[in-house]
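A.B. asks: Please see the structure below; I have some questions.
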Amino acid sequence: MTQTVAIRARWMLVPDGARQRVETDRWVLVEDGRIAAVTAGRPGADRAIDVPEALVLPGFVNLHNHGISALLFRGIVEDRPTASWAADTVYGLIMPLQGLAMEVLDAEELRAATALGLLGLVKGGATTTMDMFRIAQSVSFDVADELGLRFYGMPYLFSTEDLGIGEDGRPRYAARGAGESDLARASALFDAHDGRAGGRIRAGFGPHGTDSCDPDLLAGIRDAASARGAKVTVHVSQSATEGETLHARYGRTPTEQLAHVGLLGPDLVAAHCVYASDGDLDLIGEAGATVVNCPASFARGAVSAVWQRTAARGVRTGIGLDGYAMDTIGELRTAALVSKLASGLSEDAAARDLVAAATVDGAAALGRDDIGRIAPGCRADLAVVNLGGAHLAPVSDPLKTMVWHAGTADVEAVIVDGRVVVEGSRHLLVDEDAIVASGAAAVRKVWAEGLARGYIREGEIV
Ligand SMILES: [Zn+2]
């Protein structure tokens, strides 16, 4: 028999037409994976989550993530110089270290590192994540399942094994057609994993970028994705170099290249678009595609990724953590700060709009109206944030209080697909301490090899 759960909300975020509004003193009843009812009085249930100062909202949808990246670069990537950021940090540290992890970690170590990355995400209230990872890290599907996440696993595809900068200062390609094996392997992963766990685990295609995937591969991905009804996600205009590379090779912007190969459509989730032109953004908006704003990972590199810029043009703009700080509430705060600083307008990127971006809009990007909303019949994906802390009281506007003053530590409970996966700020399905210990040990092994090969510099690890 399915267990029913009643969750008390001092404040609850509910749909209001296309928008959302906060109601007070509600209970939500979860039954058989779904939201059965929203009531004023306490409903009968097998189990109750009763936090007096709880804000209950749809679980966060993190549209762009790399589960292993957060910990591989934690404390290393920050404060490196801007002048050599692309060459030394993006292509000299981040990309090689991701590859090194696949090379030096055995299957159990890779699983442990992946679990550590995704554990923090769940504890921060993210119930859904779209994650890009190397094909060799397909254990991500299993780890996400074990952690109880709703997961869109998007294996990377590249046209080259040789991920680095060539003598012309641009990303290298291998010979044309070299991405065909990636396409075959990613298609096989889709067929093996999509729809697992009662549909909680999904799969799709993750071409790395228009500079690292040739047009034949991108066109092949369109065919493979359309044949399967799969989502596609890709990095778009994440650096100035990428735009220059595309212009030199094809005379197109990255967005124009995606349109040219047929990938630009409502099933496309385009991460970043920081260097996209206004015309590019309009193309994306007209196609019904989604832009993902990941402000923290750009802010560490002294680049402003401005949520307000794309949202104000009418382009659906979700939120992603980009495998950096696995703290969705903190990411919303960073989105607010970056947008306001960029425009000089303190009314930009309001808390209610950012919360919508991370809930209902993120769900829409995935073509879902059954998540991202607290309404009877929807899947029960919920975050319970305790606003009773000394750093939060008294609460006037719960959304503003959360975005500006709360963090992962205030996430009291997380429910995914009707299952309570976090309660009392502890993950209930896994041994957190064991994951932290084994995940950290695995990453230290990658760091040791990264130091030996010169990707990490002397003095960067104390
Ligand atoms: Zn990314």
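The values are calculated or read from the model by the stated rules, or taken from the named source; none is laboratory data. The structure presented is a predicted model; accordingly, all values stated were derived computationally and were not measured. Here the Cβ positions follow ideal geometry from the backbone for every residue, glycine too, while neighbour counts run over all protein chains shown. Protein only, heavy atoms only, side chains kept; ligands, DNA and RNA dropped before computing areas. Shrake-Rupley method; radii C 1.70, N 1.55, O 1.52, S 1.80 Å.
A.B. asks: Divide by every residue of the chain the summed helix terms, -39500 (n - 2.57) for each DSSP H run of at least 4, and state the resulting mean residue ellipticity at 222 nm, rounded to the nearest 500 deg cm²/dmol.
C.D. replies: -10500 deg cm²/dmol
A.B. asks: How large is ³J(HN,Hα) for each residue in segment 11-28, as worked out from phi by the Karplus curve 6.51 cos²θ - 1.76 cosθ + 1.60 (θ = phi - 60°), to whole Hz, x for Gly and Pro?
C.D. replies: Along segment 11-28, the couplings run 9, 9, 8, 10, x, 9, x, 7, 9, 9, 9, 9, 10, 10, 6, 10, 10, 10 Hz.
A.B. asks: Here's a follow-up. Three principal axis extents, largest first, for the C-alpha atoms of segment 279-406, in Å?
C.D. replies: Here the Cα extents, ordered largest to smallest, are 46, 40, 27 Å.
A.B. asks: Among the lysines, which fall within straight-line cross-link reach of Lys400, defined as a Cα-Cα distance under 22 Å, with same-chain neighbours fewer than 8 residues apart omitted?
C.D. replies: Excluding near neighbours in sequence, the set is Lys123, Lys340.
A.B. asks: Ok, one more. Just how far, in whole angstrom, is segment 244-295 from segment 1-70 if you go by their alpha carbon centroids?
C.D. replies: Centre-to-centre distance over Cα atoms comes out at 35 Å.
A.B. asks: A further question follows. Suppose all protein chains stay in the model; what accessible area per residue would a 1.4 Å probe give for segment 60-365, in Å²?
C.D. replies: Value for segment 60-365: 32 Å² per residue.
A.B. asks: I'd like the antiparallel share, as a percent to the nearest 5, of DSSP beta bridges with both residues in the chain.
C.D. replies: Around 50 percent of the beta bridges assigned by DSSP in the chain are antiparallel ones.
A.B. asks: Would you mind counting up the charge near Gly301? Only other residues with Cβ under 12 Å from its Cβ, with Lys and Arg at +1 and Asp and Glu at -1.
C.D. replies: Taking every other residue near Gly301 into account, the sum is -2.
A.B. asks: Sort out for me the Cα centre separation of segment 388-409 from segment 228-242, rounded to whole Å.
C.D. replies: For segment 388-409 versus segment 228-242, the Cα centre distance is 34 Å.
A.B. asks: Can you compute 3J(HN,Hα) from phi for each residue in segment 452-462, using the Karplus curve 6.51 cos²θ - 1.76 cosθ + 1.60 with θ = phi - 60°, rounded to whole Hz and x for Gly and Pro?
C.D. replies: 4, 8, x, 6, 9, 8, 3, x, 7, 10, 8
A.B. asks: At a 1.4 Å probe radius, carbon and sulfur cover how many percent of the accessible area of the chain?
C.D. replies: 49 percent
A.B. asks: If you don't mind, another one. Report the accessible area of Glu256, computed with a 1.4 Å probe over the heavy atoms of all protein chains in place, in Å² rounded to the nearest 10.
C.D. replies: Surface accessible to solvent at Glu256 totals approximately 80 Å².
A.B. asks: Taking the alpha-carbon set of segment 60-365, what are its Rg and Dmax in Å?
C.D. replies: Cα-based Rg and Dmax for segment 60-365 come out at 17.7, 50 Å.
A.B. asks: While we're looking at this one, here's another question. Dividing the Cα radius of gyration by the Kirkwood radius, what Rg/Rh value follows for segment 1-125?
C.D. replies: Ratio of gyration radius to Kirkwood radius: 1.17.
A.B. asks: Then there's this: Helix 328-343 sits at what angle to the longest principal axis of the chain, using alpha carbons and giving 0 to 90 degrees rounded to 10?
C.D. replies: Helix 328-343 and the main axis of the chain meet at about 70 degrees.
A.B. asks: If I fit a long axis through the Cα atoms of helix 95-104 and take the longest principal axis of the Cα atoms of the chain, what angle between them do I get, 0 to 90°, rounded to 10?
C.D. replies: 80 degrees
A.B. asks: Give a residue-ordered list of calculated ³J(HN,Hα) values for segment 367-380 (Karplus: 6.51 cos²θ - 1.76 cosθ + 1.60, θ = phi - 60°; whole Hz; x for Gly, Pro).
C.D. replies: Each residue of segment 367-380 in turn: x, 10, 10, 9, 9, x, 9, 9, 8, x, x, 6, 4, 8 Hz.
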